[in-house]
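The values are calculated or read from the model by the stated rules, or taken from the named source; none is laboratory data. The shown structure was predicted, so the numbers you read here are calculated from the model rather than taken from an experiment. Note that we place each Cβ from the backbone using ideal geometry, even for glycine, and neighbour counts take in every protein chain shown.
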Amino acid sequence: MKINFNTNNEFTGIDSLPQAIAQAVAAVKSQPASSDLRMRLFKLYCLQADWDRALRQLDIVEKTDDDTQRQCELFKNLILSERLRQLVLAGQREAGNLGDALPEWCELLNKANAFYHEGEATKGEEYRHRALEAATAMSGKSEGLETFDWIADGDDRLGPVCEFIFAGGYRWVPFSDIEVLNVEKPTSLTDLIWAPATVVVKGQTHKGYIPSRYPLNSESDVSLLTGSRTEWQESESDRYIGQGRKMWVSSSGECSLFEAGEISI
C-alpha cells in the first residue's frame with residue numbers, strides 16, 4: 001500500500017528521509033519563528049524515530065506558540081508512550097490497561113518477552129506457548145480480512161493483544177475484549193507512526209491511537225520508517241518480530257492495520 005499525501009504537502013513519496021530533514025532544517029534556520037516549519041521538522045524527526053530531536057522542536061514550538069499547547073501535549077504523550085512501548089516489548093515494563101486488570105496470560109506473554117530479550121529462548125518459548133494456550137480466540141469479520149476464526153498482531157511479541165495509546169498511556173487490549181476496532185486511513189505524517197483509532201470494549205467507546213509501525217531506530221530503511229512495507233525477522237523458534245508497518249494476521253489471511261477496515265469481533 002503506497003501512500004501519497006497532498007494535504008499541506010506533508011507527504012509526497014519521501015525517497016530520502018535524511019534529505020527531507022536537511023531541507024526542513026534549512027527552512028527552519030531561514031524562518032526560526034515559524035511554528036509550521038518547526039512542526040514539519042518535528043514530524044520528520046518522528047518519522048526517523050529520532051525522539052530527542054523531535055522533542056526539542058516540540059519544546060520550542062510550545063514555548064513560542066500558545067495556540068499549539070494542546071497539540072504539543074498530545075505529541076509528547078505519544079512519544080513517551082512509544083518509549084514505554086519499547087521497554088514493554090522487551091519485557092522490562094508492563095503495559096497499562098483500559099480499566100479491568102489484564103488477564104494472567106498477558107503477564108505470561110510479558111515474561112516471555114523478557115526471557116527472549118535476555119537471551120533465554122527456551123524459557124521464552126515456554127512462557128509464550130503458555131500465554132497462547134490461555135488466550136481466548138474470537139471470531140469476527142472485516143472488509144480486509146472477511147470472516148475469521150481468530151485475529152492477532154503479526155508480531156509474536158504481541159500476538160493476541162492489540163496495542164492502544166489512550167489518555168496519554170500505552171496500553172494492551174486483548175483482542176478477545178474488543179467488540180469493534182476501527183483504524184482511520186492516514187492523512188498526515190504522524191499517522192504513519194500513530195494511527196487514530198477507535199475501540200469498543202464492553203460497550204464503551206475509546207478514541208486513541210494504535211502504533212502504525214513496529215519499533216525502529218533512526219538508521220532503519222526509509223521504506224520501513226514510512227511503513228511502506230513490513231519485514232519479518234524469524235528466530236529459531238518460529239517467532240516473528242516485525243519491522244515497518246503493523247500487520248494483522250488471522251485464520252483467513254493478513255493485511256495491514258490501514259487495510260483491514262472496521263473489525264467486528
Checklist entry - Restricted to the stretch 235-244, and to residues that are of a type in the set (D, E, K, R) and in contact (Cβ under 8 Å) with a residue 60 or more places away in the chain, which residue is farthest from N113 (Cα to Cα)? => result E236
Next on the checklist: Just to be sure before I move on: is T198 closer than 28 Å to C72 by Cβ, among the β-branched types (V, I, T), at pLDDT 95 or above and not in a strand (DSSP E or B) in the structure I sent?
Outcome noted: no
Checklist entry - Does the stretch 46-59 contain any residue that is in the same structural domain as S81 (by TED's automatic domain parsing), under 23 Å from the mean Cα position of the chain (by Cα), within 15 Å of S220 (Cα to Cα) and among the polar types (S, T, N, Q)? => result yes
Checklist outcome for this item: Scanning the stretch 175-195 for residues that are within 19 Å of C106 (Cβ to Cβ) and either surrounded by fewer than 20 Cβ atoms within 10 Å (Cβ to Cβ) or charged (D, E, K, R) (or both) gives S176, D177, E179
Checklist entry - Taking the condition under 25 Å from D52 (Cβ atoms), of a type outside the set (F, W, Y) and in contact (Cβ under 8 Å) with a residue 12 or more places away in the chain, does L158 pass? => result no
